C-alpha cells in the first residue's frame, strides 16, 4: 500500500459499517475484486501445540509418550511452555469459505495428524496420539481437539485465521488451548471447562489451483493525519467473531521470587501468600476512525507512511481499590508488539494495515507468548516514546547490535519477564475491589482513552487437580481508564476531582478523593496516572527511524501539593507497584508545600499509577499540584488542577508564586 492509492473506493459492506458507527467520509460503495462465497480446501500441514507446563503441573497433568513429533526450534530460554509439533495427514482437509481473500468460516473437513502425545492425569490419561482438529460449529472457526480415543479433550479459540504466502497457506495462529467440558469433568473439576493451558498454531497448504481462485479484498483509506487521526478502540467481544468465545482474563502461572528481581516456577498452595501470580488477557479492538493504521510485524520491510515497521503496542495493568476507597496499581506488563491484524468484519485481506470498521483480537496465549517463540514480541516499556507511538528498535532487546535483524535471544528471557506479576497477598485483601486494564498505544491516535478498556475482576484461589490455581471472574467491560472509574472526571462527587494534564510530551491525570473523618480532619487520597508522558532522550548516533535508539523515556520524579501554614498533616503515605521500601518516594513538608520525591532511577513512568495520601486538619479547596520532570529540560515541571488543604485564596494557585 502506498499513499498514491489512498483514495481507492470501498465496497458497500464497509460503507454500511461506517454508517452504523456514525462515521462519514468520502468512500464510494463498490464491489472489489474477489469471488463471493468461494469454498477452499487446505490439505495437511503442521500443527504446533504450546503446552503451559506450569498450568499442567497445577492440574496434575504430565506429558507421557510423544509419537512422531517434528523438530521444534529452541531459543534456549527458560520458558514455561513445551512445544510439540506434528504433521497433519495430506489426505485430511480443512474446508472454509473465503471472500475477498479473507477466511470467513469453516464449512467442513478436519485435519488428522500422524503423531500426537499422551497427557496423564490422576486416575487416567488423555490419548492424543493421532489427534484431529475438527470444526465444532461454535463460531466461524471454533475447533475441537479430538484424541485418537474419539474424545474431545480441548477446544481452540481466539486465533488469527488468515491466508498467507500469496494465498497458498491457510493459517490458524495463536489459538487458545482450553480444557473441554469433558476433560474438566474427568479431572473432577467441571468448573475448569474453558481453562486455558496453552496455545496452538496450524499451517495448512492450499493447492496452487485453488489459491489461483482467491482474489484479495483491496481496501484503502488515508493514512493518519491531523485531519483524520488514528482511532483504535478497545472493545469487548461477548462472543468473538471466530469462535463464539468471550474475551476474558486468564491465570497463567505462579512463581517464587528468585532474589534477583525475577521469579521461578513454583506452584501456589492452599496457604501460600508469597507467590507471584501472572495474568494475561484476551483483547479485542476495532478501527472506528477514518484512517488506515499500519500494523507491520517487527523487522518487516520499511513501509509507508512512516518508513519503518510501525505497529501498535499493547500493555495491561492490574489495580485494587481498598476498603477505605483508595486506589493503587498492583502490577504492570511490559510491551506486547502487535504483529498482524485479521481485519475481521470487513472485506480487507491486507493483514499489515487496519482499515476503518475492521476488527482484530489477540488471544491470551498470544499475549503471554512463550519466551522460546521467535519473535517473542514482549519487551520493556522503556524502548517506546509513548506519546508519539515510536519504538526505538536500534540497540533494543530485539536488536542489540542495531543491524536490523532480529537477535537470536530477543525479547523476554523467561515466562515471568514483561508479564503482569502480582503477589498473592495483594489479591487477598478483605473488602477490596480489583480492576484489569488493557490499552493499545497507537501512533497518531488523538483519543488515547478510546484505546483503553477495563474489566472488574474477582480473583479466587481454589484446588485444581493436584495443586491450587488462581482464577478471575470478570465483570462488565467499561471503556476508558481505571482512574476515570475511580473518580468520574465529568461528574466528580463532592470533595473529589479528576483533571487531565495535557502537555506536548504526553498526558497524565491527577485524581483525588477526600473523606471527612468526623473529627475535623480529612483524608486526602491522590492517584496520579502517567498515561504517556515521557521526555525522550535520543541517541545522536541513531536519531531517526527506522534505526532510532531511545536512550531513555522517563516520566515524573516529584509530586507537590500546596498546603496552608498551620494545617496539621499526619499519616503521609505512598504506594507504587511493589513492596520494596528502598525505592519509595520520600515525603517532606516545608513551608506551604507537601512533596514526595523519587529516589534516583525510580520515576513515575508512563502507563503507571502511584498513590499519595495524608490526613489534614483542613477541608479541600481547588488548587494545582506540581509534577517535576525526571529528565532535565524545559519546563522542569508541569502543573495540574486538583484539590488541596487550603484556607487562604493566595495559596490556591501554584503555591503562592
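If only residues of the stretch 124-165 that are at positive phi and surrounded by 19 or more Cβ atoms within 10 Å (Cβ to Cβ) are counted, the one that is modelled with the highest pLDDT is 158.
Screening residue 577 with (1) under 32 Å from the mean Cα position of the chain (by Cα); (2) in a strand (DSSP E or B); (3) over 30 Å from residue 404 (Cβ atoms) gives one miss only, at (2).
In the set (1) in the same structural domain as residue 362 (by TED's automatic domain parsing); (2) touching a residue at least 60 places away in the same chain (Cβ under 8 Å), the condition left unmet by residue 223 is number (1). Residues being assigned to a strand (DSSP E or B), buried (at least 22 other Cβ atoms within 10 Å of the Cβ) and either in the same structural domain as residue 438 (by TED's automatic domain parsing) or at positive phi (or both) are entirely absent from the stretch 551-565. You will find that of 104, 62, 78, the residue that is free of Cβ contacts under 8 Å to residues at least 40 places away in the same chain and either buried (at least 18 other Cβ atoms within 10 Å of the Cβ) or closer than 27 Å to residue 266 by Cβ (or both) is 104 and no other.
The single condition among (1) closer than 17 Å to residue 288 by Cα; (2) under 15 Å from the mean Cα position of the chain (by Cα); (3) surrounded by fewer than 24 Cβ atoms within 10 Å (Cβ to Cβ) that residue 341 does not satisfy is (3). Considering the stretch 580-615, and only residues there that are out of contact with any strand residue (DSSP E or B) (no Cβ under 7 Å at 6 or more places or on another chain) and part of a loop (DSSP other than H, G, I, E, B), the residue that is nearest to residue 426 (Cα to Cα) turns out to be 580.
Looking at 149, 144, which is the one that is touching a residue at least 12 places away in the same chain (Cβ under 8 Å) and closer than 16 Å to residue 193 by Cα? Step by step, each of 149, 144 is checked, and only 144 is touching a residue at least 12 places away in the same chain (Cβ under 8 Å) and closer than 16 Å to residue 193 by Cα.
Which residues, counting only those in the stretch 344-376, are crowded, with 24+ Cβ neighbours inside 10 Å, more than 15 Å from the chain's Cα centre (by Cα) and under 13 Å from residue 312 (Cα atoms)? Listed by number, the list holds a single entry, 354. The set of residues from the stretch 370-383 being closer than 12 Å to residue 335 by Cα and part of a loop (DSSP other than H, G, I, E, B) comprises 376, 377, 380. The set of residues from the stretch 511-524 being surrounded by 15 or more Cβ atoms within 10 Å (Cβ to Cβ) and either at pLDDT below 95 or out of contact with any helix residue (DSSP H, G or I) (no Cβ under 9 Å at 6 or more places or on another chain) (or both) comprises 512, 514, 515, 521, 522, 523, 524. What about residue 196, is it closer than 25 Å to residue 51 by Cβ, surrounded by 17 or more Cβ atoms within 10 Å (Cβ to Cβ) and in the same structural domain as residue 101 (by TED's automatic domain parsing)? It is true that residue 196 is closer than 25 Å to residue 51 by Cβ, surrounded by 17 or more Cβ atoms within 10 Å (Cβ to Cβ) and in the same structural domain as residue 101 (by TED's automatic domain parsing).
Among the residues of the stretch 152-169, what is the count of those that are in contact with a helix residue (DSSP H, G or I) (Cβ under 6 Å, 6 or more places away or on another chain) and without any contact (Cβ under 8 Å) to a residue 40 or more places away in the chain? Residues that pass the stated criteria total 2.
Every residue, every condition in (1) modelled with pLDDT of 95 or more; (2) within 24 Å of residue 469 (Cα to Cα); (3) within 30 Å of the chain's Cα centre (by Cα); (4) surrounded by 17 or more Cβ atoms within 10 Å (Cβ to Cβ), yes or no:
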{"position": "43", "(1), (2), (3), (4)": "yes, no, no, yes"}
{"position": "50", "(1), (2), (3), (4)": "yes, yes, yes, yes"}
{"position": "88", "(1), (2), (3), (4)": "yes, no, no, yes"}
{"position": "94", "(1), (2), (3), (4)": "yes, no, no, yes"}
{"position": "98", "(1), (2), (3), (4)": "no, no, yes, yes"}
{"position": "110", "(1), (2), (3), (4)": "yes, no, no, yes"}
{"position": "113", "(1), (2), (3), (4)": "yes, no, no, yes"}
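The values are calculated or read from the model by the stated rules, or taken from the named source; none is laboratory data. All figures in this text were calculated on a predicted structure; none of them were measured in a lab. Virtual Cβ from ideal backbone geometry, glycine too; neighbours counted across all protein chains shown.
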